[in-house]
Amino acid sequence: MGIVYEVNVFVQPQIEAEYRLWLVKHIEEILEIAGFLDAACFDVQQEPGTNEIAICMQYRLDSQASLDNYLLHHAPRLRADGVARFGEGFRANRRVLLNAQEFPGIR
């Protein structure tokens, strides 16, 4: 399965529409980088009364070397673009998922 690079963002409601438009282009730009296989973007169900919109992106990569290349050569520029556009209007956390054990479903 390779590696899953997950990014969770928490967006202030007043910038949500603009952020989502930018996010589509941002994901497309990331998918052009060598080693990225595909991506999925999820709306995360939040607890009632939460004041942020949560979005989770999962990117599949072919290898650790591809992730290392992204983190070293591309991530700083791409992250800076989001901060320049939206400043304090969002926050993000990231994690890397390894060694997936897959289970086929019953059909």
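The values are calculated or read from the model by the stated rules, or taken from the named source; none is laboratory data. Every value quoted in this text rests on a predicted model; they were computed, and no experiment measured them. FYI the Cβ positions are ideal-geometry reconstructions off the backbone, even for glycines, and counts take in every protein chain you see.
Worth a mention:
- Summed over the stretch 68-107, residues that are more than 21 Å from ALA34 (Cβ to Cβ), of a type in the set (Gly, Ala, Ser) and free of Cβ contacts under 8 Å to residues at least 24 places away in the same chain total 3.
- Of the residues ALA100, ALA39, ALA34, ALA92, the single one that is out of contact with any helix residue (DSSP H, G or I) (no Cβ under 8 Å at 6 or more places or on another chain) and not acidic (Asp, Glu) is ALA100.
- Per the conditions (1) over 27 Å from ILE15 (Cβ atoms); (2) exposed (fewer than 11 other Cβ atoms within 10 Å of the Cβ); (3) at pLDDT 95 or above, the sole criterion not satisfied by GLY105 is (3).
- Qualifying residue in the stretch 27-36 (condition: closer than 18 Å to ILE3 by Cα, touching a Lys or Arg at 6+ places or on another chain (Cβ under 9 Å) and surrounded by 13 or more Cβ atoms within 10 Å (Cβ to Cβ)): yes
- Within the stretch 1-22, residues that are among the hydrophobic types (A, V, I, L, M, F, W, C) have Cβ atoms under 6 Å from residues that are in a strand (DSSP E or B) and buried (at least 17 other Cβ atoms within 10 Å of the Cβ) in these pairs: ILE3/LEU61; VAL4/ARG60; VAL7/MET57; VAL9/ILE55; VAL9/PHE90; VAL11/ILE53; VAL11/PHE90, counting only partners at least 6 apart in sequence or on another chain.
- Members of the stretch 24-49 found to be among the β-branched types (Val, Ile, Thr) and more than 20 Å from ASP81 (Cα to Cα), listed by number: VAL44
- Wholly enclosed strands (runs of 3 or more DSSP E) of the stretch 31-107 bearing at least 2 residues of a type in the set (Asp, Glu): 36-44
- Any hit, the stretch 18-26, residues being part of a helix (DSSP H, G or I), exposed (fewer than 15 other Cβ atoms within 10 Å of the Cβ) and either of a type in the set (Val, Ile, Thr) or at pLDDT below 95 (or both): yes
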